[in-house]
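**Student:** My structure is below; once you've seen it, I'll send some questions.
The values are calculated or read from the model by the stated rules, or taken from the named source; none is laboratory data. Not measured: the values here are computed from a predicted model. Please note: Cβ atoms are built from the backbone with ideal geometry, for glycine as well, and neighbour counts cover all protein chains shown.
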């Protein structure tokens with residue numbers, strides 16, 4: 001069975017450019033989560049969706065970050081404009097149902113902003 | 001106080017050793033607790049849940065002390081393949097809060 005799929009796996013861009021990260025959750029999972037991981041701050045929840053609806057975006061660092069989930073099988077996280085401090089690994093995770101606590105993570109996107 | 005605190009390590013142990021990791025959490029209303037494992041440059045994966053009564057899965061034993069807001073993970077007979085970062089995870093209603101992890105290095 002396919003797990004959570006993320007693309008691209010690696011992204012190197014220059015400061016000021018727009019970055020779009022993509023995620024396909026496991027089929028049938030109703031909740032989707034976007035995380036950012038850095039050495040300094042660890043794994044931080046940015047936003048999560050339940051049944052395609054954003055529930056909590058309090059972890060989104062600032063207005064440069066936005067996330068959408070147009071349907072049950074696709075979500076994007078966009079950074080515009082990107083800054084060097086956005087460099088991190090961005091993980092997408094999904095879980096079978098609201099309240100179900102096991103989350104299945106994708107392989108992550110390693111973002112470097114120069 | 002950080003929501004979930006762990007000793008970052010690294011813990012360097014020889015094969016066959018027993019090693020224990022601890023974790024404390026700040027939110028007394030937390031509902032569920034887990035240990036996730038993250039290999040280098042990989043995604044986190046669920047290792048095991050943590051129950052108040054304590055639970056065991058092969059060489060791994062997890063324990064929870066709600067009164068002290070303390071979680072532990074014990075690994076017996078360490079294997080080289082146990083080398084990874086172990087993340088303590090505390091769950092609210094529908095989100096997880098991760099500790100920064102404890103790195104374990106098992107050497108031959």
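**Student:** Mind checking which residues of the range B:3-38 are in contact (Cβ under 8 Å) with a residue 60 or more places away in the chain, farther than 15 Å from residue B:95 by Cβ and surrounded by fewer than 17 Cβ atoms within 10 Å (Cβ to Cβ)? Don't jump to the end; show me each part of the working.
**Tutor:** Residues of the range B:3-38 in contact (Cβ under 8 Å) with a residue 60 or more places away in the chain: B:3-19, B:21, B:23, B:25, B:27, B:29-31, B:34, B:36, B:38.
Next cut, farther than 15 Å from residue B:95 by Cβ only: B:5-19, B:21, B:23, B:38.
Within the range B:3-38, B:5, B:7, B:8, B:9, B:10, B:12, B:14, B:15, B:16, B:17, B:18 qualify.
**Student:** Test each condition in (1) away from chain B (no Cβ under 12 Å); (2) farther than 14 Å from residue A:106 by Cβ; (3) more than 11 Å from the chain's Cα centre (by Cα) for residue A:60 and report the one that comes out false.
**Tutor:** (3)
**Student:** State whether one or more residues within the range A:94-103 are part of a strand (DSSP E or B), closer than 24 Å to residue B:49 by Cα and touching a strand residue (DSSP E or B) at 6+ places or on another chain (Cβ under 7 Å).
**Tutor:** yes
**Student:** What residue, of A:41, A:64, A:36, is loosely packed, with under 14 Cβ neighbours inside 10 Å, free of Cβ contacts under 8 Å to residues at least 60 places away in the same chain and in contact with a strand residue (DSSP E or B) (Cβ under 9 Å, 6 or more places away or on another chain)?
**Tutor:** Working: A:64 fails: loosely packed, with under 14 Cβ neighbours inside 10 Å; A:36 fails: loosely packed, with under 14 Cβ neighbours inside 10 Å.
Checking each option against the conditions leaves just A:41.
**Student:** Moving on. Output the residue which, of all residues in the range A:77-114 that are more than 9 Å from chain B (Cβ to nearest Cβ) and closer than 11 Å to residue A:32 by Cα, is modelled with the lowest pLDDT.
**Tutor:** A:97
**Student:** Could you check residue B:56 against (1) without any contact (Cβ under 8 Å) to a residue 24 or more places away in the chain; (2) touching a strand residue (DSSP E or B) at 6+ places or on another chain (Cβ under 7 Å) and say which number it fails?
**Tutor:** (2)
**Student:** Considering only the range B:82-99, state which residues are within 8 Å of another protein chain (Cβ to nearest Cβ), surrounded by fewer than 21 Cβ atoms within 10 Å (Cβ to Cβ) and not in a strand (DSSP E or B).
**Tutor:** B:93, B:94, B:95
**Student:** Another question, then. Among (1) within 14 Å of the chain's Cα centre (by Cα); (2) surrounded by 15 or more Cβ atoms within 10 Å (Cβ to Cβ); (3) more than 9 Å from chain B (Cβ to nearest Cβ), which single condition is residue A:8 missing?
**Tutor:** Condition (2) is where residue A:8 drops out.
**Student:** So, one more: Whether any residue in the range B:31-54 is in a strand (DSSP E or B) and away from every other protein chain (no Cβ under 14 Å) is what I want to check.
**Tutor:** For the range B:31-54, residues in a strand (DSSP E or B) and away from every other protein chain (no Cβ under 14 Å): absent.
**Student:** Could I ask something else about it? Out of B:47, B:64, B:73, which single residue is within 22 Å of residue A:43 (Cβ to Cβ), more than 10 Å from the chain's Cα centre (by Cα) and free of Cβ contacts under 8 Å to residues at least 60 places away in the same chain?
**Tutor:** Going through B:47, B:64, B:73 in turn, the sole match is B:64.
**Student:** Further question: Here are the criteria: (1) at pLDDT below 95; (2) more than 14 Å from every other protein chain (Cβ to nearest Cβ). Tell me which single one residue A:67 does not satisfy.
**Tutor:** Condition not satisfied by residue A:67: (1).
**Student:** In the range A:12-29, how many are under 15 Å from the mean Cα position of the chain (by Cα) and either modelled with pLDDT under 95 or crowded, with 18+ Cβ neighbours inside 10 Å (or both)?
**Tutor:** Residues flagged as under 15 Å from the mean Cα position of the chain (by Cα) and either modelled with pLDDT under 95 or crowded, with 18+ Cβ neighbours inside 10 Å (or both) within the range A:12-29 amount to 6.
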